[in-house]
1. Pairs needed: first member in the stretch 29-43, aromatic (F, W, Y); second member anywhere, surrounded by fewer than 22 Cβ atoms within 10 Å (Cβ to Cβ) and at pLDDT 95 or above; C-beta distance under 7 Å; at least 6 residues apart or different chains.
2. Looking at the stretch 1-32 only, could you name the residues that are among the polar types (S, T, N, Q) and surrounded by 12 or more Cβ atoms within 10 Å (Cβ to Cβ)?
3. From the list G135, G123, G127, which one is touching a Ser or Thr at 6+ places or on another chain (Cβ under 6 Å), among the small types (G, A, S) and more than 22 Å from K26 (Cα to Cα)?
4. Can you name the number of the only condition in (1) within 30 Å of P155 (Cβ to Cβ); (2) in contact with a Ser or Thr (Cβ under 7 Å, 6 or more places away or on another chain); (3) polar (S, T, N, Q) that T51 fails?
5. For the condition on the phi > 0 side of the Ramachandran plot and among the charged types (D, E, K, R), what is the one hit in K7, K47, K20, K26?
6. Show me the strands (runs of 3 or more DSSP E) entirely contained within the stretch 67-155 in which 1 or more residues are aromatic (F, W, Y), crowded, with 21+ Cβ neighbours inside 10 Å and touching a helix residue (DSSP H, G or I) at 6+ places or on another chain (Cβ under 8 Å).
7. With the requirement that a residue be in contact with a strand residue (DSSP E or B) (Cβ under 9 Å, 6 or more places away or on another chain) and hydroxyl-bearing (S, T, Y), what does the stretch 5-29 give you?
8. Would a scan of the stretch 36-46 turn up a residue that is in contact with a His (Cβ under 8 Å, 6 or more places away or on another chain) and not in a strand (DSSP E or B)?
Amino acid sequence: MSDVELKLKSMGLEMPPAPKPVGLYKPMLIVGNLAYVSGHGPLRSDKTLITGRLGADMSIEEGQVAARQTGLAMLATLKAGLGSLDRVSRVVKLLGLVRCTDEFEQSPAVINGCSQLFVDLWGDDHGIGVRSALGTNALPGSIAVEIEAIFEIRP
């Protein structure tokens, strides 16, 4: 078990199964020392998704839980593609989309749920990368958040 997986276990968190693509794309693509991870949703271990709309039927805290769960799904994809999460050396970039009402202006606070997970795993120096967080009126399957990322990896 990798150091990152041990940290997750100590935090009481579990990765879901690595999600399968639902379209014509790769879940992860390695280019040089970067792993590009396609947009992921908040997939739970029982293969259900967290759905809802921020500002309508979800609180910021519930959105943060969905964003953290999305981060766990991305970790499952990284583990499947890299063999070990210990190959990840840092978070480079996150792009987070939040399904919300027109009036909802707290998308960055929601995506903090994923960002905090990565800080907890890799610390401030390597767990925080650049980031964008945007609100949107629709996401596939009515999921609450979708996040894509770029990670620096070791050979």
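1. Y36/M28; Y36/L29; Y36/I150
2. Once the filter is applied, which keeps residues that are among the polar types (S, T, N, Q) and surrounded by 12 or more Cβ atoms within 10 Å (Cβ to Cβ), the stretch 1-32 yields only S2.
3. Residue meeting the stated conditions: G135.
4. Result: T51 fails condition (1) only.
5. The unique qualifying residue is K47.
6. Passing ranges, in order: 145-153.
7. Y25
8. No, the conditions are met nowhere in the stretch 36-46.
The values are calculated or read from the model by the stated rules, or taken from the named source; none is laboratory data. Not measured: the values here are computed from a predicted model. Every residue, glycine among them, receives a Cβ derived from its backbone with ideal geometry; neighbour counts consider all protein chains shown.
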